[in-house]
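Have a look at the structure that comes next, please.
What follows draws every value from the coordinates through simple rules; no lab data is involved. All values derive from a computational prediction rather than experimental measurement. Note: ideal-geometry Cβ built from the backbone for every residue, glycine included; neighbour counts use all protein chains shown.
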């Protein structure tokens, strides 16, 4: 794994892709033109029109040493499905992704690579006062690296928080789990957490929420593959530019 990135002008942090390969390609091309390392926050597949191509694009970045993706709950579930484990398959989400993979000319190689890459995808990454995670923050992430095989394990502890956020135990009318955001108040002053997972923005741009201690969380999921669009933020490398926040951009 190439982390921290070296020789780049900054980092392009990309929200949930969910099979929106065309928008993901635009984000990648822009990052390449600006010499930015691309960090995708998890949930590469499901829902959208071309999950196989989204995987190919990400794997190409890995091979070139120009990007990484974090472990998301959809990535974790895809691996289990590809291995034949029993999982719930929603027709318009994971079911659509599996159908697209089955029709891909490189289906066997793509599925094998997906299993291998998800197994070793980091559940979170820290770079100075920046922390990147898919679903939610836990203070453990400030002091420890994630398990190297988080993608091959049953999520527990901080890894479960990283993938799913903080559920309340209640269910919303749409059948989705209700989530608490109390963890935002535990982000220390000066820390900036970038994540996806929850579509919380009301204006189509990444949403910033400041916690009680003064740290903040930036939610980058703006609905790619689900009727919305893909969003990203360009950040300077902390060692070169003090860890400041960049401008929010959308495809």
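Treat the count of other C-beta atoms within 10 Å as a stand-in for reagent exposure and order 44, 130, 39, 110 from fewest to most. List each step's numbers first, then the result.
Values: 44 33, 130 22, 39 25, 110 19.
Starting with the residue having the fewest Cβ neighbours, the order is 110, 130, 39, 44.
Spin-label point model (7 Å from Cα, Cβ direction): what's the residue 153 to residue 209 distance in nm?
Simple spin-label model gives 2.6 nm for this pair.
How large are Rg and Dmax for the chain when only the alpha carbon atoms are used, in Å?
Just the Cα atoms of the chain yield Rg and Dmax of 16.8, 51 Å.
Okay, moving on. Could you tell me the center-to-center distance, by alpha carbons, between segment 126-198 and segment 32-83 in angstrom?
Their Cα centres are 19 Å away from one another.
Rounded to the nearest 500, what is the 222 nm mean residue ellipticity of the chain from helices alone, with -39500 (n - 2.57) per DSSP H run of 4+ residues and division by all residues?
-8500 deg cm²/dmol
Place a label point 7 angstrom from the Cα of residue 171 along the Cα-to-Cβ direction, then list the residues of segment 86-121 whose backbone nitrogen is under 15 Å away.
Residues 88-90 fall inside that zone.
Fewest to most neighbouring Cβ within 10 Å: what's the order for 28, 2?
Working: 28 22, 2 12.
By the 10 Å Cβ count, ascending, the order reads 2, 28.
If we count other beta carbons within 10 Å of each Cβ, what is the order of 89, 11, 184, fewest first? Don't skip to the answer; put the middle values down first.
Details: 89 13, 11 27, 184 20.
The fewest-first ordering by Cβ neighbours comes to 89, 184, 11.
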